[in-house]
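Encoded as structure tokens, the structure appears first; notes follow it.
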Amino acid sequence: MTALLHELITAVAAEAPDRPALIGPDGTSISFAQFDTQIRRTAAWVAAHSSPGDRMAVIADNGADYARVYYAVPRSGRVLVLINQRLSSTEQLDQLASVQPALVLGDPGYLAPLAGSGYRLVPFDSMRCHDLPDPPATAVVAPDDPAWLLFTSGSTGKPKGVIHTHRSLLAAVRGTIAGRSVRAGGVYLLPFPMCHIAGYNMLV
């Protein structure tokens, strides 16, 4: 049984490598084999620029780059911190201060207001992960290792960071599949902002 987030992709890449994994707004498609390779290379890039257990924040709109780090950061043995791109830069900086990420990844437009904050800001388009050779084996990761850190909505107080492990996220995925599975071969529209816990529907 799948125990780690990235194994959801590697399993399909082995069984149906040419099946579309992502379809962008312009109709551009990425196969599961391509997506799996991109995730491995992104994980290798993250590992080369950080230390095991580090937190990697992301501030971006939904897209293929975001999807890659969804899987790649946990695969590398780091924790992905999902920051809402619709918050003010002051609110974002407050959340970043509470988690102290090693890197802040994302869309250039969202990172620009954070310039001078002291954080290492890395626009997606500067990572150049696609140019990397196939990496060696990545860090050893266990099901109960932290994978994502999300913030609560703040409806009853200041937003609080909540850790989700590989195991807890996959339990949510399996529950969703049991309740409303996606038809085999179907295409799933992801309207949920990926910074929200509902973004786990990407894993579904």
Turns out the strands (runs of 3 or more DSSP E) fully within region 98-191 with at least 2 residues that are over 28 Å from F32 (Cα atoms) are 161-165
Can you list residue pairs whose Cβ atoms sit under 6 Å apart, with the first residue in region 159-182 being over 15 Å from A147 (Cβ atoms) and the second being of a type outside the set (D, E) and modelled with pLDDT under 95? Count only pairs 6 or more apart in sequence or on different chains. P159/T152; K160/T152; T176/V204; V182/Y188
Tell me, which residue of region 162-176 that is touching a strand residue (DSSP E or B) at 6+ places or on another chain (Cβ under 7 Å) and open to solvent by 50 Å² or more (accessible area, probe 1.4 Å) is farthest from Y71 (Cα to Cα)? V162
Can you find even one residue in region 73-93 that is part of a helix (DSSP H, G or I), open to solvent by less than 10 Å² (accessible area, probe 1.4 Å) and closer than 27 Å to F32 by Cα? yes
Test of understanding: among A43, A67, A102, which residue is at pLDDT below 95 and closer than 23 Å to H164 by Cβ? A43
Tally of residues being surrounded by 19 or more Cβ atoms within 10 Å (Cβ to Cβ) and among the aromatic types (F, W, Y) across region 187-204: 1
Kindly indicate which of A14, A47, A57 is open to solvent by less than 50 Å² (accessible area, probe 1.4 Å), part of a helix (DSSP H, G or I) and either closer than 19 Å to V104 by Cβ or not charged (D, E, K, R) (or both). A47
Of all residues in region 129-155 being open to solvent by 90 Å² or more (accessible area, probe 1.4 Å) and within 17 Å of D94 (Cβ to Cβ), which is modelled with the lowest pLDDT? S155
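The values are calculated or read from the model by the stated rules, or taken from the named source; none is laboratory data. The shown structure was predicted, so the numbers you read here are calculated from the model rather than taken from an experiment. Because the Cβ atoms are built from the backbone with ideal geometry, glycine has one as well, and the counts that use them run over all protein chains shown. To get the accessible areas, we keep the full protein, side chains included, count just its heavy atoms, and leave off ligands, DNA and RNA. Shrake-Rupley method; radii C 1.70, N 1.55, O 1.52, S 1.80 Å.
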